[in-house]
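As C-alpha coordinates, the structure follows; a few thoughts come after it.
The values are calculated or read from the model by the stated rules, or taken from the named source; none is laboratory data. Computed from a predicted structure; not experimentally measured. Here the Cβ positions follow ideal geometry from the backbone for every residue, glycine too, while neighbour counts run over all protein chains shown.
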Amino acid sequence: MFDDKPHDECGVFAIYAPDEDVARLTFFGLYALQHRGQESAGIAVANGRRINLYKEMGLVAQVFDEENLRPLTGHLAIGHTRYSTTGSSKLQNAQPFMLESALGPDHLRIERGGLPQARWAALRRGSIRVATVMEPFISLGIKEGAHVVAACFYRGGEVISADLTSEQRTAYYAAENQAVDRINADFYTYAHHVVAHANGALEPRELLRAFVRYKHVDNYDPALFTRTYDWMKARGMTEGSSEHSRLIVR
(Lines give C-alpha, C1' and ligand atoms only; values in the text may rest on other atoms or scores of the structure.)
Protein backbone atom coordinates (compact mmCIF):
# COMPACT_ATOMS: atom_id res chain seq x y z
CA MET A 1 0.00 0.00 0.00
CA PHE A 2 1.48 3.34 -1.07
CA ASP A 3 1.91 6.23 1.35
CA ASP A 4 0.84 9.49 -0.30
CA LYS A 5 2.50 11.71 2.33
CA PRO A 6 5.51 13.81 1.23
CA HIS A 7 8.96 12.40 2.01
CA ASP A 8 11.15 15.39 1.15
CA GLU A 9 14.36 14.99 3.08
CA CYS A 10 17.22 17.21 1.81
CA GLY A 11 18.13 18.25 -1.70
CA VAL A 12 21.43 17.50 -3.47
CA PHE A 13 22.66 18.96 -6.76
CA ALA A 14 25.98 18.13 -8.42
CA ILE A 15 27.55 19.24 -11.69
CA TYR A 16 30.71 18.70 -13.74
CA ALA A 17 31.06 21.48 -16.31
CA PRO A 18 34.50 22.79 -17.36
CA ASP A 19 34.46 26.44 -18.52
CA GLU A 20 31.12 27.07 -16.79
CA ASP A 21 30.22 28.92 -13.61
CA VAL A 22 29.44 25.75 -11.68
CA ALA A 23 28.80 27.57 -8.39
CA ARG A 24 26.08 29.69 -9.97
CA LEU A 25 24.55 26.69 -11.74
CA THR A 26 24.55 24.81 -8.44
CA PHE A 27 22.88 27.77 -6.76
CA PHE A 28 20.02 27.63 -9.27
CA GLY A 29 19.86 23.86 -8.89
CA LEU A 30 19.51 24.17 -5.13
CA TYR A 31 16.98 26.97 -5.56
CA ALA A 32 14.84 24.58 -7.61
CA LEU A 33 15.23 21.99 -4.83
CA GLN A 34 14.39 24.40 -2.01
CA HIS A 35 11.25 22.41 -1.19
CA ARG A 36 13.51 19.52 -0.15
CA GLY A 37 15.00 21.40 2.80
CA GLN A 38 14.79 24.88 4.27
CA GLU A 39 17.20 24.84 7.23
CA SER A 40 20.62 25.37 5.67
CA ALA A 41 22.37 25.40 2.33
CA GLY A 42 25.94 24.85 1.15
CA ILE A 43 28.04 24.60 -2.00
CA ALA A 44 31.50 23.04 -2.42
CA VAL A 45 33.48 23.65 -5.63
CA ALA A 46 36.66 21.86 -6.74
CA ASN A 47 39.15 22.83 -9.44
CA GLY A 48 41.42 19.78 -9.27
CA ARG A 49 43.81 21.38 -6.75
CA ARG A 50 41.62 22.64 -3.96
CA ILE A 51 38.05 22.72 -2.68
CA ASN A 52 36.28 25.91 -1.64
CA LEU A 53 33.21 25.55 0.53
CA TYR A 54 30.54 27.96 1.72
CA LYS A 55 27.52 27.06 3.82
CA GLU A 56 25.21 28.80 6.24
CA MET A 57 21.84 28.51 7.95
CA GLY A 58 18.82 29.73 5.99
CA LEU A 59 17.15 29.47 2.60
CA VAL A 60 19.25 29.20 -0.54
CA ALA A 61 18.53 32.79 -1.62
CA GLN A 62 19.37 34.04 1.89
CA VAL A 63 22.65 32.12 2.19
CA PHE A 64 24.21 32.95 -1.18
CA ASP A 65 24.93 36.25 -2.89
CA GLU A 66 27.42 37.58 -5.42
CA GLU A 67 30.11 38.10 -2.78
CA ASN A 68 30.22 34.55 -1.46
CA LEU A 69 29.62 32.85 -4.82
CA ARG A 70 32.54 34.64 -6.50
CA PRO A 71 35.36 32.72 -4.71
CA LEU A 72 33.73 29.36 -5.54
CA THR A 73 35.60 28.70 -8.79
CA GLY A 74 36.25 25.36 -10.45
CA HIS A 75 34.74 22.78 -12.78
CA LEU A 76 33.09 20.43 -10.28
CA ALA A 77 30.51 21.35 -7.65
CA ILE A 78 28.07 19.80 -5.23
CA GLY A 79 25.38 21.59 -3.27
CA HIS A 80 23.09 20.61 -0.43
CA THR A 81 19.97 22.05 1.15
CA ARG A 82 19.09 20.46 4.47
CA TYR A 83 15.99 19.00 6.07
CA SER A 84 17.19 17.53 9.35
CA THR A 85 16.34 13.90 10.05
CA THR A 86 19.35 13.17 12.28
CA GLY A 87 21.10 15.90 14.23
CA SER A 88 19.71 19.25 15.25
CA SER A 89 19.31 22.30 13.03
CA LYS A 90 22.72 23.90 13.65
CA LEU A 91 25.49 25.21 11.42
CA GLN A 92 27.85 22.36 12.33
CA ASN A 93 25.33 19.96 10.77
CA ALA A 94 24.97 21.98 7.57
CA GLN A 95 26.38 20.27 4.49
CA PRO A 96 28.44 19.58 2.39
CA PHE A 97 31.12 18.44 4.84
CA MET A 98 34.78 18.75 3.92
CA LEU A 99 37.07 16.25 5.62
CA GLU A 100 40.61 17.21 6.61
CA SER A 101 42.27 15.09 3.84
CA ALA A 102 43.87 11.70 3.38
CA LEU A 103 47.19 13.03 4.69
CA GLY A 104 47.84 12.22 8.33
CA PRO A 105 49.96 14.13 10.86
CA ASP A 106 53.06 12.17 9.81
CA HIS A 107 53.06 13.95 6.45
CA LEU A 108 52.25 17.45 7.65
CA ARG A 109 54.00 19.60 10.22
CA ILE A 110 51.59 21.91 12.01
CA GLU A 111 53.05 24.65 14.17
CA ARG A 112 51.77 27.59 16.14
CA GLY A 113 52.31 30.61 13.96
CA GLY A 114 51.57 33.37 16.43
CA LEU A 115 49.15 36.20 15.70
CA PRO A 116 47.58 36.46 12.22
CA GLN A 117 49.97 39.31 11.35
CA ALA A 118 52.94 37.04 12.08
CA ARG A 119 51.48 34.16 10.05
CA TRP A 120 50.88 36.44 7.07
CA ALA A 121 54.42 37.82 7.30
CA ALA A 122 55.87 34.29 7.40
CA LEU A 123 53.82 33.30 4.37
CA ARG A 124 55.01 36.33 2.42
CA ARG A 125 58.68 35.71 3.11
CA GLY A 126 58.34 32.02 2.26
CA SER A 127 59.29 30.53 5.61
CA ILE A 128 55.99 28.62 5.64
CA ARG A 129 53.94 27.25 2.75
CA VAL A 130 50.43 27.43 4.16
CA ALA A 131 48.94 29.59 6.90
CA THR A 132 45.57 29.85 8.59
CA VAL A 133 44.66 33.53 8.62
CA MET A 134 41.61 35.69 9.04
CA GLU A 135 40.62 39.01 7.53
CA PRO A 136 42.06 41.35 6.42
CA PHE A 137 44.84 38.95 5.47
CA ILE A 138 42.60 36.73 3.32
CA SER A 139 41.59 39.66 1.11
CA LEU A 140 45.15 41.00 1.17
CA GLY A 141 46.54 37.61 0.20
CA ILE A 142 44.15 37.26 -2.74
CA LYS A 143 45.02 40.80 -3.82
CA GLU A 144 48.73 39.90 -3.83
CA GLY A 145 48.30 36.59 -5.66
CA ALA A 146 47.97 34.03 -2.87
CA HIS A 147 45.61 31.08 -3.29
CA VAL A 148 42.84 30.03 -0.92
CA VAL A 149 43.25 26.31 -0.22
CA ALA A 150 40.17 25.99 2.00
CA ALA A 151 37.77 28.38 3.68
CA CYS A 152 35.48 28.12 6.68
CA PHE A 153 34.09 30.34 9.42
CA TYR A 154 35.62 29.93 12.84
CA ARG A 155 33.73 30.47 16.09
CA GLY A 156 35.12 33.50 17.87
CA GLY A 157 35.25 33.15 21.64
CA GLU A 158 34.00 36.00 23.80
CA VAL A 159 35.73 36.27 27.16
CA ILE A 160 33.79 37.79 30.04
CA SER A 161 34.36 37.85 33.76
CA ALA A 162 33.29 34.78 35.68
CA ASP A 163 32.05 37.12 38.44
CA LEU A 164 29.26 38.61 36.34
CA THR A 165 25.72 37.84 37.44
CA SER A 166 23.24 36.18 35.09
CA GLU A 167 21.55 39.55 34.55
CA GLN A 168 24.87 41.21 33.69
CA ARG A 169 25.72 38.47 31.22
CA THR A 170 22.32 38.87 29.58
CA ALA A 171 22.87 42.61 29.24
CA TYR A 172 26.33 42.04 27.77
CA TYR A 173 25.00 39.57 25.19
CA ALA A 174 22.17 41.96 24.24
CA ALA A 175 24.65 44.79 23.66
CA GLU A 176 26.85 42.56 21.53
CA ASN A 177 23.90 41.36 19.46
CA GLN A 178 22.94 44.99 18.79
CA ALA A 179 26.48 45.65 17.57
CA VAL A 180 26.30 42.60 15.28
CA ASP A 181 23.06 43.86 13.72
CA ARG A 182 24.51 47.33 13.20
CA ILE A 183 27.67 46.02 11.49
CA ASN A 184 25.82 43.55 9.27
CA ALA A 185 23.35 46.24 8.18
CA ASP A 186 26.12 48.60 6.99
CA PHE A 187 29.31 46.54 6.80
CA TYR A 188 31.60 48.89 4.88
CA THR A 189 30.97 51.74 7.31
CA TYR A 190 32.94 49.71 9.85
CA ALA A 191 35.30 47.84 7.50
CA HIS A 192 38.16 50.28 8.18
CA HIS A 193 38.51 48.77 11.65
CA VAL A 194 39.22 45.35 10.10
CA VAL A 195 41.63 46.54 7.38
CA ALA A 196 43.61 48.62 9.89
CA HIS A 197 45.80 45.57 10.56
CA ALA A 198 46.92 45.65 6.91
CA ASN A 199 48.76 48.92 7.58
CA GLY A 200 47.52 50.70 4.47
CA ALA A 201 48.01 47.77 2.05
CA LEU A 202 44.24 47.24 1.72
CA GLU A 203 41.39 49.70 1.28
CA PRO A 204 38.14 49.12 3.19
CA ARG A 205 36.22 48.46 -0.05
CA GLU A 206 38.78 45.81 -1.02
CA LEU A 207 37.78 43.72 2.00
CA LEU A 208 35.85 40.73 0.65
CA ARG A 209 32.50 40.47 2.38
CA ALA A 210 32.38 36.71 1.68
CA PHE A 211 35.01 35.98 4.35
CA VAL A 212 33.56 38.06 7.20
CA ARG A 213 30.46 37.07 9.12
CA TYR A 214 29.17 38.46 12.41
CA LYS A 215 26.48 36.54 14.24
CA HIS A 216 24.53 36.72 17.46
CA VAL A 217 25.85 35.20 20.65
CA ASP A 218 24.93 31.56 21.12
CA ASN A 219 26.12 28.57 23.12
CA TYR A 220 29.21 26.64 22.05
CA ASP A 221 27.91 23.12 21.44
CA PRO A 222 29.74 20.49 23.59
CA ALA A 223 30.02 18.04 20.68
CA LEU A 224 31.71 20.64 18.48
CA PHE A 225 33.99 21.66 21.35
CA THR A 226 35.04 18.05 21.95
CA ARG A 227 35.66 17.34 18.27
CA THR A 228 37.86 20.41 17.87
CA TYR A 229 39.70 19.80 21.13
CA ASP A 230 40.40 16.16 20.26
CA TRP A 231 41.87 17.25 16.91
CA MET A 232 44.19 19.72 18.66
CA LYS A 233 45.29 17.15 21.25
CA ALA A 234 46.01 14.56 18.54
CA ARG A 235 48.44 16.97 16.91
CA GLY A 236 50.14 18.14 20.09
CA MET A 237 48.68 21.63 19.95
CA THR A 238 47.30 21.46 23.50
CA GLU A 239 47.66 19.23 26.54
CA GLY A 240 43.90 19.03 26.78
CA SER A 241 43.52 19.85 30.47
CA SER A 242 40.36 21.96 30.09
CA GLU A 243 36.76 20.86 29.83
CA HIS A 244 33.71 22.37 28.13
CA SER A 245 31.93 22.86 31.45
CA ARG A 246 34.88 24.86 32.86
CA LEU A 247 35.31 27.16 29.86
CA ILE A 248 31.81 27.81 28.55
CA VAL A 249 29.32 30.01 30.39
CA ARG A 250 25.72 29.59 29.34
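For the range 109-157, the set of residues classified as closer than 24 Å to Y54 by Cβ and acidic (D, E) consists of E135, E144, listed by residue number.
Does any residue of the range 143-151 turn out to be farther than 22 Å from Q62 by Cα, small (G, A, S), modelled with pLDDT of 85 or more and in a helix (DSSP H, G or I)? So far as the range 143-151 goes, no, none of its residues is farther than 22 Å from Q62 by Cα, small (G, A, S), modelled with pLDDT of 85 or more and in a helix (DSSP H, G or I). Return yes when N52 is at pLDDT below 90, closer than 18 Å to V12 by Cα and either assigned to a helix (DSSP H, G or I) or not hydroxyl-bearing (S, T, Y) (or both) and no when it is not. Yes; evaluated as a whole, the condition is true for this residue.
Considered as a group, the residues in the range 18-49 that are in a loop (DSSP other than H, G, I, E, B) and under 13 Å from T73 (Cβ atoms) include one that is modelled with the lowest pLDDT, and that residue is R49. Scanning the range 125-142 for residues that are in a loop (DSSP other than H, G, I, E, B) and under 21 Å from the mean Cα position of the chain (by Cα) yields V130, A131, T132, V133, M134, E135, P136.
Looking only at residues of the range 55-96 that are outside any helix (DSSP H, G or I) and acidic (D, E), we find that the one that is farthest from D221 (Cα to Cα) is D65. Within the set T86, T81, the sole residue that is within 21 Å of E39 (Cα to Cα), at pLDDT below 75 and among the β-branched types (V, I, T) turns out to be T86. Within the range 163-176, the set of residues being assigned to a helix (DSSP H, G or I) and more than 23 Å from the chain's Cα centre (by Cα) comprises S166, E167, Q168, R169, T170, A171, Y172, A174, A175. Would you be able to tell me the number of residues in the range 182-202 that are surrounded by 12 or more Cβ atoms within 10 Å (Cβ to Cβ) and either in contact with a His (Cβ under 9 Å, 6 or more places away or on another chain) or hydrophobic (A, V, I, L, M, F, W, C) (or both)? Residues that pass the stated criteria total 9. Within the set Y220, Y190, the sole residue that is out of contact with any Pro (no Cβ under 8 Å at 6 or more places or on another chain) and either among the polar types (S, T, N, Q) or within 16 Å of E135 (Cα to Cα) (or both) turns out to be Y190. Here A122 meets the list (1) surrounded by 14 or more Cβ atoms within 10 Å (Cβ to Cβ); (2) within 22 Å of the chain's Cα centre (by Cα); (3) modelled with pLDDT of 80 or more almost entirely, failing just condition (2). A Cβ distance below 9 Å, combined with a sequence gap of six or more or placement on separate chains, defines the contacts here; from the range 158-175, residues that are under 12 Å from V217 (Cα atoms) and of a type outside the set (F, W, Y) reach residues that are part of a helix (DSSP H, G or I) and at pLDDT 85 or above in the pairs E158/Y172; E158/Y173; E158/E176. Considering the range 33-53, and only residues there that are buried (at least 24 other Cβ atoms within 10 Å of the Cβ) and of a type outside the set (G, A, S), the residue that is farthest from the chain's Cα centre (by Cα) turns out to be V45. Assessment of the range 177-196 against the conditions (part of a loop (DSSP other than H, G, I, E, B), under 24 Å from R70 (Cβ atoms) and out of contact with any Gly (no Cβ under 7 Å at 6 or more places or on another chain)) yields at least one matching residue. Within the range 197-207, the residues that satisfy the criterion of being assigned to a helix (DSSP H, G or I) and either over 16 Å from I142 (Cβ atoms) or charged (D, E, K, R) (or both) are R205, E206.
Against the conditions (1) closer than 23 Å to A44 by Cα; (2) without any contact (Cβ under 8 Å) to a residue 40 or more places away in the chain, I138 satisfies every one except (2). For residues in the range 210-235 being of a type outside the set (K, R) and assigned to a loop (DSSP other than H, G, I, E, B), which is surrounded by the fewest Cβ atoms within 10 Å (Cβ to Cβ)? Among residues in the range 210-235 that are of a type outside the set (K, R) and assigned to a loop (DSSP other than H, G, I, E, B), the one surrounded by the fewest Cβ atoms within 10 Å (Cβ to Cβ) is N219.
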